Amino acid sequence: MQFGHLGIALAIASFDPRPETFAVVGAAQFLPNADSLVVRAGWAAPEFHGTWSHSLAFCAAVGAGAIVLFGAWLGGLALASIVLHVAADLPTDTGIPLLLPFSRRRFSLNLWQNTGYWGRSMYAGYYRQRWAWILEGAVFAVVAWRYAGALA
């Protein structure tokens, strides 16, 4: 998911539309992709992206830290955000190693072809795939519904 991660963060933050909620939930949503910075810096091979930072152990560690730092409510929203980031990446054909460090097995829904991290080849391949439009469209429909209800 490319822009869908932003939609997920906005949908979760709609449950508590304070600026700090947007900041914490947004940071949690994009934290798993921070591993691509390590790749871009040349400190790791491209295959490093989507490994440790996309595991349930990483989600649990970040979620626990967020709960300690921000309290149960905001920390819980951050945990939901990071878990949903990982779930949103499951449709890629490369899969996600959810059970690291216990297993390197990759889980995948195999709905679309991986086009690279941080949008590399995003327009050339990702948005030419039907499921990308369907799932990201659904995410943004939820965002519109949540915020339309908040304004009513």
Exercise. Could you work out how far apart the two model spin labels at F140 and L37 are, taking each label as a point 7 Å from the Cα in the direction of the beta carbon, and quote it in nm?
Key: 2.7 nm
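Provide the packing ranking of 43-56, 25-38, 98-111, i.e. peptides ordered by the mean count of other C-beta atoms within 10 Å per residue, highest first. Display every interim value, and only then the final one.
Working: 43-56: 16.3, 25-38: 19.1, 98-111: 13.6.
Sorting 43-56, 25-38, 98-111 by mean packing, highest first, produces 25-38, 43-56, 98-111.
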Self-check item: Against the rule of thumb 2.2 N^0.38 Å, how large the Cα Rg of the chain comes out
Solution: 1.05
Self-check item: Residue-wise HN-Hα coupling along the stretch 12-18, computed from phi with Karplus coefficients 6.51, -1.76, 1.60 (Hz; x: Gly, Pro)
Solution: 5, 5, 5, 6, 7, x, 9
Quiz item: Once amide H atoms are placed 1.01 Å from N in the peptide plane, what residues at a sequence separation of 5 or more from F107, or on another chain, have their amide H within under 5 Å of its amide H?
Solution: I96, L98
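Taken together, the values in this text are just the output of simple stated rules run on the coordinates, not laboratory data. These numbers come from a predicted model, not from an experiment. Quick reminder, even Gly has a Cβ in these numbers, built from the backbone with ideal geometry, and neighbours come from all protein chains shown.
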